[in-house]
Amino acid sequence: MPNANLRTLIAALLLLVIAGLFLAAPWLGSRATILMVTQAVILACFAMAYNVLLGQTGLLSFGPAVYFGIGAFSALYAVNGISSGQLPLPLELVPLLAGGAGLVAALVFGLISLRSGQIAFAMITMGLAELTHVFAMVFPSVFGGERGVSIDRMVENTLTGWGYGRPDEIYWLVLFWAVLSIATLAWLTRTPLGRLANAVRDNEQRVAFLGYSPARIRYLQFALSGLFSGLAGGLFALTYEIANADIFGLQTSAGVLIAAYVGGIGSVFGPALGAIVVTLLEFRLARATEAWLLYYGLIFMGIVMFAPQGLWGLLTGVPTAIGREGFAVWLTQRLKGLALLLPGFVGGVLIVEMSSHRANAYDPHLPMHLLGLDAFSPLNWVLALGLVAVSAALLLARRRQAGRRRRDGLTAGAALAGGAE
Amino acid sequence: MEYLAFALVNGLLYGMLLFMLASGLTLIFSMMGVLNFAHGSFYMLGAYFAYQIGAMGSFWVALFVAPVLVGVIGMAVERYGLRVVHKHGHVAELLFTFGLAYLIEEVVLMVWGRQPMPYRVPEALNFPLFTLGEVSFSAYRGFMFLIALAIFVVLIVILRKTRLGMLVQAALSHPDVLWSLGHDVPRLFMLVFGGGVALAGLAGVIGGNFLITEPGMAHHVGTILFVIVVIGGLGSLAGAFIASVGIGILQTLMVAYDLRLADVLVPGLAESGYRGPFQEITTMTLANLGPVMPYLLLVVLMALRPRGLLGKRDH
Amino acid sequence: MMARADRRPPLALELREVSKSFGAARIIPGVSLTVPAGEFHAVIGPNGAGKSTLFNLISGRFAPSSGQILLGGQPIEGRSPSVINRMGLSRSFQITNIFKNISVFENIRCALLGPMGAAYSFWRRASAWREITRETERLIEEIGLTARRDTIAGSLSYAEQRLLEVGMTIAGDASVLLLDEPMAGMNHNEIDQFSDFLRRIGEGRTVMMVEHDMNVVFTLADRISVLVYGELIATGTPAEIRQDQRVRDAYLGAEA
């Protein structure tokens with residue numbers, strides 16, 4: 001099929017561009033940029049590990065933070081051990097140890113989490129995450145309380161001889177492990193276990209009737225996910241040289257879940273793409289607006305509702321759509337859609353920004369940064385609400401029209417003609 | 001003795017409040033197959049709305065208006081959100097409600113800020129109803145108890161006596177039957193979702209001033225709620241009731257009794273003066289463990305009985 | 001034991017007084033049945049006679065309330081579906097039960113990984129097992145879906161999905177096959193083609209099949225069992241069943 005080939009080509013190009021950017025990053029950016037890219041790489045590894053469960057096996061976990069956190073803390077203690085000379089391990093291998101810790105934790109917690117069906121699994125992983133979070137808070141002697149546990153990663157025992165004082169040095173170390181993990185995770189999807197996991201996701205019952213144990217498949221996948229989540233946690237600890245009990249919190253789990261889903265859980269590399277996009281958003285949006293977490297949530301909801309295939313699916317689906325509709329039609333459709341949504345988008349941003357200004361600004365009556373608007377002017381509010389209403393009305397009208405056309409098409413026996421808007 | 005009695009009564013009260021939430025969650029789950037992650041968020045909205053209405057009008061207006069408002073929002077969420085996501089499956093629905101919880105929290109933060117709200121118990125009910133020994137029982141607790149009890153009774157009557165109740169019951173045991181009865185199932189779903197979250201809103205109205213009204217309340221109550229429905233057995237109303245009251249009483253008792261853990265587990269450990277990793281274990285009390293207890297219970301139960309107390313099915 | 005096996009052909013499947021109740025409802029009061037190796041055995045009966053329940057008991061979806069089920073002489077009652085499958089019994093489903101989001105090729109390969117010794121492996125790529133790939137291609141050709149090899153299973157036509165369903169069931173060379181209404185929902189043309197296919201897969205295997213199409217049943221089956229209200233009222237060759245007065249009264253007569 002030419003479409004499948006084109007899809008693969010696009011995917012390969014995307015990967016190449018991303019890989020090129022990452023290789024060039026240390027020369028392109030400032031210290032802050034390097035840190036941002038490092039974080040993106042770590043989250044990409046974490047999101048891919050998380051997707052072993054969500055996308056590959058169909059298991060929604062609310063507790064990936066547990067394995068990430070355990071990996072991070074074991075890395076912190078390992079580095080402390082290395083600098084005090086008690087642990088004869090080169091710094092570069094610390095992420096492996098963190099992965100091992102994540103694996104052990106997953107092997108233990110997997111026994112409890114996987115005993116019921118999918119929905120109960122989600123709840124139990126969340127219970128376990130809460131349990132670990134509270135546990136970590138109760139024992140400051142181990143997890144450092146509010147201040148956390150910190151390290152100095154500049155140790156004697158290294159393989160490369162680097163000091164790891166410079167951000168680009170740690171970036172290379174992180175990139176090495178993350179790329180190795182991502183490649184391994186991608187490779188794992190092609191093994192018999194990876195294929196059977198997809199089968200379990202689609203139809204657990206049939207897997208059992210084909211002679212496999214779905215429980216065993218899930219358990220193995222859970223363990224693999226724990227291993228690479230732990231490794232990502234170790235990379236996090238090496239980069240930031242500190243962590244406290246909050247690493248086990250729901251924020252961590254929510255972050256990786258959103259990243260993976262936004263990128264696209266149905267594809268192998270989607271979660272990594274999502275991680276990069278989400279990290280960019282986090283750094284750029286957070287600088288631009290107080291309400292960035294709200295936008296972040298809205299983007300997630302938009303993907304859940306209208307594009308469950310995620311960004312990766314949207315991008316690689318473009319050639320198929322163009323091939324089916326022709327470029328001109330495809331482009332006008334997209335432009336039309338944008339025109340419909342634009343007023344609502346502008347209005348929505350105005351509402352959010354004005355509310356946020358009124359709630360958070362030092363003196364809400366001062367004009368806003370955004371166009372110098374007055375957040376208390378009724379005119380501005382009417383304008384914003386009006387813009388949203390325009391978009392809503394246009395969308396509703398289009399849906400009604402499409403619905404009518406579909407009905408007419410069906411009665412005329414020509415459903416196909418009605419489907420092509 | 002009075003102390004124990006009060007702890008038990010308070011625990012029961014807390015448990016009843018939890019059941020107001022858990023019952024709605026269970027009904028929604030049983031009928032629609034959606035585990036509403038945002039249930040705690042609707043509880044939070046109820047409390048914030050009640051505070052806002054109370055600040056402008058009175059608590060008694062809020063008592064009626066806030067739950068209705070929450071219910072209407074819930075119906076809109078079902079109609080324009082959940083229904084769209086439904087075709088992508090249960091995991092997508094769960095993710096939708098997860099995103100919703102996230103959004104509601106952000107909106108609350110944006111509108112009302114990070115600080116707890118001064119949402120207070122109404123003056124008219126702010127007096128001791130009776131005093132036993134040294135502790136007194138406030139009239140507002142009595143009022144909460146009445147409301148929770150009334151809801152409980154109304155729920156039973158609806159389930160047992162009305163047509164809607166029969167439908168709900170049928171759906172509890174055989175979820176597929178709904179579609180074959182020729183009812184307007186989408187509308188029924190909208191009503192059930194709206195009704196369920198309105199109950200959560202009501203719990204927020206009467207619980208928010210009694211406990212606390214702050215942005216973290218949704219997450220706090222939400223997680224305990226999931227523990228309750230999993231422990232009780234997904235989809236079982238009776239199980240949810242037992243788990244709600246059980247956890248309510250257990251948590252209250254644990255806070256009430258200042259027992260040192262080390263004395264129970266390893267006699268002499270507390271006096272050993274141990275310093276090092278996990279040294280907190282020597283000074284930890286039962287009250288410290290209160291917040292962990294529901295999750296611990298969940299883990300233990302899952303290891304022993306994965307279906308939950310009264311659970312029959314998973315989906 | 002040995003002496004008896006010499007006298008009679010070995011039994012592929014044997015049911016001894018198998019019963020099943022759901023609560024107070026006794027769906028199957030007690031069924032005894034023997035299926036010799038290599039037989040094509042059809043089970044017929046009116047709707048609600050308990051045919052699917054019987055298959056669910058044999059294949060391990062439900063445990064029987066009482067009685068024994070022997071597969072090649074080994075008791076299997078109450079074992080899990082995966083264990084029973086590994087002991088040599090494979091089944092298809094009345095409602096198509098495939099992996100909808102992966103390709104035809106992957107569907108068939110998933111069914112073959114276990115039987116050909118690659119289940120749960122995560123240290124080699126699945127494609128590294130050349131013989132599995134070859135066998136997958138061969139099976140896809142056998143069920144006639146070569147042109148649809150890379151199509152996502154969920155987007156196949158209904159008849160193609162039925163073919164895939166049976167293809168997954170025969171993958172891995174189980175000695176006993178249970179086919180639950182393999183032709184449900186097919187038109188005449190498709191049924192004709194499909195019964196040829198079923199005859200071919202029945203060669204060298206023991207097949208037990210529930211089917212409503214009487215033409216298919218009477219041409220394919222070596223022996224037929226008639227199940228009415230959970231009770232076996234007759235078992236015999238097609239000719240015997242056609243003659244049987246009780247069957248005519250209870251079942252065939254009602255339709256004629």
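Laboratory data are not the source of any read-out in this text; all were calculated from the coordinates shown. Remember, predicted model here, so these are calculated numbers, not experimental data. Because the Cβ atoms are built from the backbone with ideal geometry, glycine has one as well, and the counts that use them run over all protein chains shown.
Which residues does the label zone of C:Ser19 cover in segment C:60-93, counting backbone N under 19 Å from a point 7 Å along Cα→Cβ?
C:62-70, C:77-78
Compute the relative contact order of segment B:2-216 as a whole-number percentage, counting only Cα pairs closer than 8 Å that sit 6 or more residues apart in sequence.
43 percent
Full extension from A:Tyr362 to A:Arg287: what is 0.36 nm times the residue separation minus their Cα-Cα distance, to one decimal in nm?
25.3 nm
Scan around A:Phe62 for amide H atoms under 5 Å from its own, H built in the peptide plane at 1.01 Å from N, and keep only partners 5 or more places away or cross-chain.
A:Thr125, A:Met126
Would you mind computing Rg(Cα) / (2.2 N^0.38 Å) for chain A, counting N as its residues?
1.11
Between the helical axis of A:167-188 and the dominant principal axis of chain A, each derived from Cα atoms, what acute angle in degrees is found, rounded to the nearest 10?
So the inclination is approximately 70 degrees.
Under 15 Å from a point placed 7 Å out from the Cα of A:Gln86 along the Cα-to-Cβ direction: which residues of segment B:246-290 have their backbone N that close?
In segment B:246-290, the label zone of A:Gln86 (backbone N under 15 Å from the point 7 Å along Cα→Cβ) covers B:275-279.
Within 10 Å, at most 15 other Cβ atoms, and a DSSP state outside H, G, I, E, B define an exposed site. Report the longest part of chain B free of exposed trypsin sites (Lys or Arg not before Pro).
That would be B:121-274.
Using the Cα gyration tensor of segment C:175-249, with a ≥ b ≥ c the square roots of its eigenvalues, what is the shape: rounded (a/c below 1.5), prolate (a/b larger than b/c) or oblate (neither)?
prolate
From the residues C:Leu179, C:Met168, C:Val226, which one has its Cα farthest along the dipole of segment C:164-256 in the positive direction, the dipole being from +1 and -1 charges on Cβ of Lys/Arg and Asp/Glu about the Cα centre?
Working it through, the farthest residue towards the positive pole turns out to be C:Val226.
Net charge around A:Trp162, counting only other residues with Cβ within less than 12 Å of its Cβ (Lys, Arg = +1; Asp, Glu = -1)?
Its environment carries a net charge of -2.
Picking from A:Gly63, A:Gly148, A:Gly230, which is most flexible by a Gaussian network model of chain A using Cα springs under 10 Å?
Judging by the Gaussian network model, the answer is A:Gly148.
Roughly how many debye, to the nearest 20, is the charge dipole of segment C:95-173 about its Cα centre, given +1 on each Lys and Arg Cβ, -1 on each Asp and Glu Cβ, and no other charges?
Around 260 debye, computed over segment C:95-173.
Given R₀ = 30 Å, FRET efficiency for C:Asp173-A:Arg216 by Cβ-Cβ distance, to 0.05?
0.85
Quick check for you: which residues of segment A:255-269 have the amide N under 14 Å from the point 7 Å beyond the Cα of A:Arg190 toward its beta carbon?
It comes to A:268-269, nothing else.
Would you list A:Glu282, C:Glu137 from fewest to most Cβ contacts within 10 Å?
Lowest to highest Cβ neighbour count: C:Glu137, A:Glu282.
Taking amide H atoms as placed 1.01 Å from N in the peptide plane, list the residues 5 or more away in sequence, or in a different chain, whose amide H sits under 5 Å from that of C:Ala12.
Here the answer is C:Val35, C:Ala37, since their amide H atoms fall under 5 Å of that of C:Ala12.
Taking θ as phi - 60°, what are the ³J(HN,Hα) couplings along segment A:302-309 by the Karplus curve (6.51, -1.76, 1.60), each to the nearest whole Hz, with x for Gly and Pro?
Result, ordered by residue: x, 5, 4, 7, 10, 9, x, 7 Hz.
Please give the charge dipole size of the protein assembly as shown, origin at the Cα centre, charges +1 on K and R Cβ atoms and -1 on D and E Cβ atoms. Round to the nearest 20 debye.
1440 debye
Dividing the alpha-carbon radius of gyration of the protein assembly as shown by 2.2 N^0.38 Å (N being the number of residues), what value is obtained?
Normalised by 2.2 N^0.38 Å, the Cα Rg of the protein assembly as shown equals 1.04.
What residue among B:Glu123, B:Glu106, B:Glu78 shows peak mean-square fluctuation when chain B is described by a Gaussian network model with Cα springs under 10 Å?
B:Glu123
Would you kindly work out the equivalent ellipsoid of segment A:96-183 from its C-alpha gyration tensor and give its semi-axes, the square roots of five times the eigenvalues, largest first in whole Å?
After diagonalising the Cα gyration tensor, the semi-axes are 32, 20, 11 Å.
Which percent of Cα pairs goes in each bin when the distances of segment A:2-97 are cut into 5 angstrom slices starting at zero?
Spelled out per bin, shortest first, that is 3, 10, 12, 14, 16, 18, 14, 7, 3, 2, 1, 0.
With a point put 7 Å past each Cα toward its Cβ, work out how far B:Thr283 is from A:Leu9 in nm, to one decimal.
In this crude label model, B:Thr283 to A:Leu9 measures out at 6.9 nm.
Quick one: if the Förster radius is 25 Å, what FRET efficiency do A:Val382 and B:Val68 give, using the C-beta to C-beta distance and rounding to 0.05?
0.40
Determine the sum of side-chain charges near A:Ser355: Lys and Arg each +1, Asp and Glu each -1, restricted to other residues whose C-beta is under 13 angstrom from that of A:Ser355.
Local charge sum for A:Ser355: -2.
Of A:Glu325, C:Glu160, how do they rank once you tally other Cβ atoms within 10 Å and put the fewest first?
Lowest to highest Cβ neighbour count: A:Glu325, C:Glu160.
With a cut-off of 8 Å between alpha carbons and a minimum separation of six or more residues, what is the relative contact order of segment A:111-192 in percent?
10 percent
Given a cut-off of under 8 Å on Cα pairs at least six residues apart, what relative contact order in percent is computed for segment A:326-419?
28 percent
Fewest Cβ neighbours within 10 Å first, please rank B:His39, B:His90, A:His365, A:His357 accordingly.
A:His365, B:His90, A:His357, B:His39
So which residue, out of B:Ile147, B:Ile249, B:Ile156, gets the largest mean-square fluctuation from a GNM of chain B using Cα contacts under 10 Å as springs?
B:Ile156
Report the net charge of residues surrounding A:Val318, where surrounding means a beta-carbon distance below 10 angstrom and charges are Lys +1, Arg +1, Asp -1, Glu -1.
Net charge in that neighbourhood comes out at +2.
Using θ = phi - 60° and the Karplus form 6.51 cos²θ - 1.76 cosθ + 1.60, what ³J(HN,Hα) does each residue of segment C:92-109 get, whole Hz, x for Gly and Pro?
Karplus-based 3J(HN,Hα) across segment C:92-109 equals 10, 10, 5, 8, 3, 10, 10, 9, 6, 9, 10, 6, 3, 4, 5, 4, 5, 4 Hz.
Need one number: % antiparallel among DSSP beta bridges in the protein assembly as shown, to the nearest 5.
That works out to approximately 65 percent antiparallel.
Taking 1 over the mean of 1/r across every pair of different Cα atoms in segment B:2-216, what Kirkwood radius in Å do you get?
One decimal place: 18.2 Å for the Kirkwood radius.
With a/c under 1.5 counting as rounded, go ahead and sort segment C:46-98 into rounded, prolate or oblate using the C-alpha gyration tensor (a ≥ b ≥ c being the square roots of the eigenvalues; past the cut-off, prolate if a/b is larger than b/c, else oblate).
Oblate is the answer for segment C:46-98, as a/c is 1.5 or above yet b/c matches or exceeds a/b.
Against the globular-protein guess of 2.2 N^0.38 Å, express the Cα radius of gyration of segment A:221-277 as a ratio, rounded to two decimals.
Working it through for segment A:221-277, the quotient is 1.19.
Please work out the Kirkwood hydrodynamic radius for segment B:1-106, using every pair of different C-alpha atoms, and report it in angstroms with one decimal place.
Every distinct Cα pair counted, the radius reaches 15.5 Å.
Taking chain B as the reference, fit the longest principal axis to its C-alpha atoms, fit the long axis of helix B:39-56 to the helix C-alpha atoms, and give the angle between the two in degrees, 0 to 90, nearest 10.
90 degrees
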